[in-house]
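Undergrad: Starting off with a structure, shown below.
Quick note: the coordinates plus some simple rules give every number you see, no bench work behind them. Keep in mind the model is a prediction, meaning the values are calculated, not measured. When we count neighbours, we look across all protein chains shown, and the Cβ atoms used for this are built from the backbone with ideal geometry, even at glycine.
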Amino acid sequence: MNSCFLTIMFSLLLFASCSSPSGSKADAVKNSVQNSAEVAKPADKVNVPVFNADSAYNFVAAQVAFGPRVPNSDGHKSCGDYLEAKLASYGAAVVSQNVDITAYNGDVLKARNIIAQFQPEKTERILLCAHWDTRPWADSDPDPDKRYTPIDGANDGGSGVGALLEIARQLSLNPTELGIDIILFDAEDYGRHADEWRDAVEGEETWALGSKHWAHNTHVKNYKARFGILLDIIGAPNSTFYLEGYSMQYAREIVAKVWNCANRLGYSKYFKMYEGGLITDDHVHVNRILGIPCIDIINCDPQSPNGFGPHHHTVKDNMDWIDAATLKAVGQTVLNVIYNEK
Ligand code: AHN
Ligand code: ZN
């Protein structure tokens, strides 16, 4: 039993209630999201760049080529250097926040949050984030012999970062009205191994260590952003992004803005107007510690064993699970949102 499983149980309960024909909680959520102020706005008049999904795909492949990006490994170090250099090449002021973090099992992780500031002089800002480390163990693999093998993390880790690198490339070509910070968090995925599971509360605290450190030690004093968007596990074919529970709790207006935007752009197949349970992820620290409303766009697949897709935390999380069409839906939506912010 793990927290993902509990999340899924919770999700299934919600999905069960979602499917009832009238007066359901899901309908209420859907209506409240659809009736938000965002819907009443006229059509976008701003020139929004076209998100190049092939470019994003290649950015995912480039990370995977370094091998697993497990903290303290050579692949991790080289990939971190690559990400920092790429972001700097797109004109951002980049800082790496290096910190030793002790994981639940006593491992001391040489963690590195990579922070890219576009137009750092601007006070009105938007935070875009993803984790760049990969899971050290395929602990959800159906084959017990593989449950201590590190994974490629093409989708879990690679996809969110790939989309953000393409967004960074677009930012280098066309400035936004607001300043943008792209933060690649480290040590998200070093949470307790499924074989060592204890309880949900303790389990929760072993994840998202890099973002927790950053939230307590922001790169600038009194860091503020109008809102944040976390991208996690956004590359699989036919992904479904539900209204994630903590995002709804802390940043409902931003959820409405993003999901309505996605639906206007024709991505309703991916962005579902239904609630999908609570997911422990980097955005929780941004919300709780900094009070910055931050949402999580994350694939939810209630049919799969741990709820994030059949490949999740298995050795199959490789480039075979990356689909440019899904990256496009997410990346284009985020571009539309950030270029329309005044
Ligand atoms: C847990 O699995 C506890 N939370 C989902 C967040 C996650 C894991 N993202 C990537 N890997
Ligand atoms: Zn993971």
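Undergrad: If you wrap a convex hull around the Cα atoms of the chain, how much volume per residue is inside, in Å³?
TA: Details: hull volume 41.3 nm³, N = 342.
Per-residue hull volume (Cα only) is 121 Å³.
Undergrad: Any idea what the dipole of the chain comes to, in debye rounded to 20, about its Cα centre with Lys/Arg Cβ at +1 and Asp/Glu Cβ at -1?
TA: 1220 debye
Undergrad: When only alpha-carbon atoms count, how far does the range 185-235 stretch along each of its three principal axes, as whole angstroms with the largest first?
TA: For the range 185-235, the Cα extents along the three principal axes come out at 39, 28, 17 Å.
Undergrad: Separate question: In Å, what Rg and Dmax follow from the Cα atoms of the range 88-170?
TA: 16.3, 52
Undergrad: Once the Cα gyration tensor of the range 38-111 is diagonalised, what are the square roots of 5 times its eigenvalues, in whole Å and ordered largest first, as equivalent ellipsoid semi-axes? Before the final figure, lay out each step's value.
TA: On the way: eigenvalues 226, 61, 38 Å².
They are 34, 17, 14 Å, listed largest first.
Undergrad: Can you list, bin by bin at 5 Å, the percent of alpha carbon pairs in the range 203-342, starting at 0?
TA: 2, 10, 19, 22, 20, 16, 9, 3, 0
Undergrad: Given Cα pairs under 8 Å that are at least 6 residues apart, what percent is the relative contact order of the range 119-277?
TA: Numbers: 222 pairs, mean separation 44.7, N = 159.
Taking the mean separation of contacting Cα pairs over the length of the range 119-277, I get 28 percent.
Undergrad: Another question, then. Using alpha carbons only, how many angstrom separate the centre of the range 113-162 from the centre of the range 252-304?
TA: Taking the Cα centre of each part, the range 113-162 and the range 252-304 sit 17 Å apart.
Undergrad: Compute the convex hull volume of the Cα atoms of the range 156-220, divide it by the residue count, and report the result per residue in Å³ as a whole number.
TA: On the way: hull volume 7.0 nm³, N = 65.
So the per-residue Cα hull volume is 107 Å³.
Undergrad: So how much slack lies between LYS342 and LYS224, counting 0.36 nm per residue of separation and subtracting their Cα-Cα distance, in nm? Show your work: numbers first, answer last.
TA: Details: separation 118, 0.36 × 118 = 42.48 nm, distance 1.60 nm.
Full extension from LYS342 to LYS224 adds 40.9 nm.
Undergrad: Can I ask one more? Going by average Cβ neighbours within 10 Å, how do the peptides 144-150, 47-53, 127-133 rank, with the highest at the top? Numbers along the way, then the final one.
TA: Numbers: 144-150: 13.6, 47-53: 16.0, 127-133: 27.6.
Per-residue Cβ counts within 10 Å, averaged per peptide and sorted highest first, yield 127-133, 47-53, 144-150.
Undergrad: Percent relative contact order of the chain, based on C-alpha pairs within less than 8 angstrom and at least six residues apart?
TA: Working: 729 pairs, mean separation 87.8, N = 342.
For the chain, the relative contact order is 26 percent.
Undergrad: Based on a Kirkwood Rh over C-alpha pairs, give the Stokes-Einstein translational diffusion coefficient of the range 141-194 at 25 °C and viscosity 0.890 mPa s in µm²/s. Write down the numbers at each step before the final one.
TA: Values: Rh = 14.0 Å.
Reported coefficient: 175 µm²/s.
Undergrad: Once the piece of chain linking GLN303 and TYR82 is laid out straight, how much longer is it, given 0.36 nm per residue of separation minus the C-alpha distance between them?
TA: Numbers: separation 221, 0.36 × 221 = 79.56 nm, distance 3.58 nm.
Stretched out fully, the GLN303 to TYR82 stretch lengthens by 76.0 nm.
Undergrad: May I ask you to work out the translational diffusion coefficient for the range 108-247 at 4 °C, viscosity 1.567 mPa s, via Stokes-Einstein with Rh from the Kirkwood sum over Cα pairs, reported in whole µm²/s? Walk me through the intermediate numbers first.
TA: On the way: Rh = 16.6 Å.
Approximately 78 µm²/s, per Stokes-Einstein.
Undergrad: Ordered by packing density, taken as the mean number of other Cβ atoms within 10 Å over each peptide's residues, highest first, how do 264-270, 295-301, 158-164 rank? Write out the running numbers ahead of the final one.
TA: Numbers: 264-270: 15.7, 295-301: 25.1, 158-164: 30.1.
In decreasing order of mean packing, 264-270, 295-301, 158-164 become 158-164, 295-301, 264-270.
Undergrad: Moving on. Can you give the relative contact order of the range 191-293 as a percent, counting alpha carbon pairs under 8 Å and 6+ residues apart? Show your work: numbers first, answer last.
TA: Values: 93 pairs, mean separation 38.8, N = 103.
Averaging sequence separation for qualifying contacts and normalising by length gives 38 percent for the range 191-293.
Undergrad: Each label point is 7 Å from the Cα along the Cα-to-Cβ direction; what then is the distance between the points at VAL95 and GLU253, in nm?
TA: For the pair VAL95/GLU253, the computed spacing is 2.8 nm.
Undergrad: Turning to a different aspect of this structure: Check PHE227: other-chain or 5+ apart residues with amide H under 5 Å from its amide H, H built from backbone geometry?
TA: Correct list: LEU127.
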